[in-house]
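Since the structure comes first, as structure tokens, the remarks are kept for the end.
Derivation of every value follows stated rules applied to the coordinates shown; laboratory data play no part. These figures come from a predicted structure and were not determined experimentally. Here the Cβ positions follow ideal geometry from the backbone for every residue, glycine too, while neighbour counts run over all protein chains shown.
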Amino acid sequence: MIEDDGYSLRLYVAGQTPRSIAAIANLKKICEQHLPGRYEIEIIDLMKDPALAMRHQIVAIPTLIRQLPEPLKRIIGDLSNTERVLVGLDIRPN
Amino acid sequence: MPRDAKPPLFEDADETVQAIHQGDIDAVVVMRGLEGPQVILLHGAEEPYRVLVERMSDGALTAGPDGVILYVNDRLCELTGYPSTRLVGRHLASLFAGEPPKLVPEVTAEASLFRNGDDTMPVAVWSRSISIGDTTATLVRLTDLSIHRRAEQIAAAERFARSVLEQATEAVVVLSPDGHITHASWRAEQLAEQPPVGRMFSEAFPLEAQNTTDAGMLARFSTESLDTMLATRPFHGVEVKLRGERNAGSAFLLSAGPLVDENKDNVGSIVTLTDMTERKRAEEQLTTMVAELNHRVKNILAIVQSVAAQTVRSSGSLENFADAFTGRLKALAIAHDILTHTRWIGIGLSELLTAVLAPYRSADGTRVSLAGPAILLPARTVVPLSMVLHEMATNAVKYGALSTRRGNIDISWRVSGFIDKSIELIWQERGGPELKAGAAAGFGTRLIDRVISHDLDGTTKVDFDPAGVRWTIAFPVGDPAAKRVAVPGSAMA
């Protein structure tokens, strides 16, 4: 189980597209560095089941959704800009 | 207003467009009527390859430079028993039990893949580095080796079973449930008149009961039902013979036991024909030997009894009895030693004379001389002849040539006949005290006469020549099996 101050993240990817793979690698790196031990990542491959895009109204891939802590937040792209990801996830104040 | 309170489409449109322009995304989801959402790839035409990878029979994955799994195909999900969501994001090494495989590009290694958590399966692991966009990744292919291993195990088990059969010294055959022979040991192939594999058991090995009890047992089964029974039920210890010239005179013990597979299902039976011929022969030999021993012990007791009775009658005093009886028992013991040493085969006449007369012969052999051809005495003649020679020697010591210092005995013999051989032996004493005709017909003389005629089936003649007594004894030494089996000493009673 995730801690109260933990992050529940869901990354939507499309098989092995370069951006999908880059997004997984970047997200893993950022979390290890900035949220060690208090994050949970779920990776959804929309190539296998496109219907899963409905839940979070995904239109662009890759897209990262922060499910917890609330409110829900969304970052589109391969997460190569670490600063933007940290800001988008509210991990560091502006 | 919270960001997720309304559909994000419009709010995020700018961000999406910007992301597309910047090349931050490479796929979009579009709605297609009833089909629902569909993913459209913006770059490359990787779809055919993706389908190939998804549908291939090997497991495949892509791992990032740090070993974290970025992608898995459906087959790898099947092999591991986990959905892709549980595999992506894990470290590659966590898929393997024990030491993870060393990933050397284009080199295949073997490893043990976790399956459903704790179970494992052998896999061949192949890898190669590729660049995906800006990232270096490793493609890994995992091939299930368990089918291959299973085939190897089956082949090894088959080789093992074959070598066991080949080494078996007994006739062992394997029957299918319908009674057909599927395997046969080397010995079984020798016993069968024709190559046994492929035939029904009853056809390859036509059985005949060894005795009446087992005959009834075998007769209860028709040929077909015997085949079926041997192939399906345990069956032990029926003595049988095999029809046909090849195994005439041989006896076998027939046994069958079930053959089960790994699921404990009966898949046939193992039938053994143990060759009992030697064992039965040994049993018969032992029975004969015990009977023979019993017979011989009774004979010895009869001899001892009659010698004792006769000695009592002819002894004037207890002292005389003791001397005579002891001497005769010693002669008997010497005869038995000879028989034991020669395993009841018999002994040469010259050797018998040497052994029995040893106490009376001088060191230079001048007092008792032996002359005659080599001739083997049958075992049955050894005891009576020893007794006779002992009596003659005792008489010579008491009254004849050996009662003086200068007397001597010349023993000579000749053999006549070819098949029905007989021996004529002359015992000539010289240099003893002068004899009076008829004076020496004591017990010893009577014993000699009766043993020769009754036990050796021969004749005796004694001449009381004044120069010295001369015995002429003749007896047959032909094939003892063809003769009446003598009870040595029976004439003495």
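Taking 23 Å as the limit for the C-alpha separation, the pairs B:Lys398/B:Lys461; B:Lys241/B:Lys264; B:Lys421/B:Lys461; A:Lys48/B:Lys102; B:Lys241/B:Lys280; B:Lys298/B:Lys330 exceed it in the case of B:Lys241/B:Lys264; A:Lys48/B:Lys102.
A cut-off of 5 Å between modelled amide H atoms, ignoring neighbours fewer than 5 places along the same chain, links B:His183 with B:Val174. As a length-normalised measure over Cα pairs under 8 Å and 6 or more apart, the relative contact order of segment B:281-492 settles at 20 percent. Dipole size of segment B:290-378 about its Cα centre, with +1 on Lys/Arg Cβ and -1 on Asp/Glu Cβ: approximately 160 debye, rounded to the nearest 20. Rg and Dmax of segment B:152-275, both derived from C-alpha coordinates alone, stand at 14.2, 49 Å.
Taken residue by residue and averaged, Cβ atoms of other chains lying within 10 Å of the Cβ of B:26-37 number 6.
Under a model in which nothing but the beta-carbon of Lys, Arg (+1) and Asp, Glu (-1) is charged, the protein assembly as shown shows a dipole of about 3520 debye around its Cα centre. Taking amide hydrogens as placed 1.01 Å from N in the peptide plane, the amide H of A:Glu42 sits under 5 Å from those of A:Leu9, A:Arg10, A:Leu11, each at least 5 positions away in sequence or on another chain. For segment B:281-492, the Kirkwood hydrodynamic radius from C-alpha pairs, put into Stokes-Einstein at 20 °C and a viscosity of 1.002 mPa s, yields a diffusion coefficient of 120 µm² per second. Partner shielding of B:66-75 amounts to 4, given as the average count of beta-carbon atoms from other chains within 10 Å of each residue beta-carbon.
Stretching the chain fully between B:Ala371 and B:Val197 yields a gain of 55.8 nm (0.36 nm per residue, less the alpha carbon separation). For chain A, relative contact order (Cα pairs under 8 Å, six or more residues apart, normalised by length) works out to 36 percent. Over all orientations, chain B has a Cα convex hull whose mean projected area works out to 50.7 square nanometres.
Counting neighbouring beta carbons within 10 Å and listing from fewest to most, the residues A:Arg38, B:Arg361 come out as A:Arg38, B:Arg361. Counting neighbouring beta carbons within 10 Å and listing from fewest to most, the residues A:Met47, B:Met56 come out as B:Met56, A:Met47.
Modelled this way, with points 7 Å down the Cα-to-C-beta line, the labels at A:Glu32 and B:Thr354 are 10.2 nm from one another.
Summarising the label geometry, the points placed 7 Å from Cα in the beta-carbon direction at B:Gln22 and B:Arg243 lie 9.7 nm from one another. Evaluating 6.51 cos²θ - 1.76 cosθ + 1.60 at θ = phi - 60° for every residue in segment B:68-74, the Karplus couplings come out as 7, 6, 9, 7, 9, 8, 4 Hz, glycine and proline recorded as x. The equivalent ellipsoid of the protein assembly as shown has semi-axes of 116, 28, 19 Å, largest first, where each one is the square root of 5 times an eigenvalue of the Cα gyration tensor.
Note that segment B:61-144 shows a convex hull volume over its alpha carbon atoms of 82 Å³ per residue.
Calculated FRET efficiency, B:Ala157 to B:Arg233, Cβ-Cβ distance, R0 = 25 Å: about 0.50 to the nearest 0.05.
Scaling the Cα radius of gyration of segment A:7-87 by the globular reference 2.2 N^0.38 Å produces a ratio of 1.00. Rounded to 0.05, the FRET efficiency of the B:Arg430 and B:Arg281 pair, given R0 = 56 Å and the Cβ-Cβ distance, is 0.55.
Spin-label pair B:His336-B:Lys264: with each label point 7 Å from Cα along the Cα-Cβ axis, the two points sit 6.3 nm from one another.
For peptide A:36-46, the mean count of partner chain Cβ atoms within 10 Å of a residue's Cβ comes to 3. Put in order of Cβ neighbour count within 10 Å, fewest first, the listed residues B:Ile334, A:Ile43, A:Ile58 become B:Ile334, A:Ile43, A:Ile58. What the Cβ-Cβ distance of B:Arg90 and B:Arg32 gives, at R0 = 35 Å and to the nearest 0.05, is a FRET efficiency of 0.60. Proximity of backbone amide H atoms, modeled 1.01 Å from N, is registered between A:Leu68 and A:Ser8 at under 5 Å, excluding neighbours fewer than 5 places apart on the same chain.
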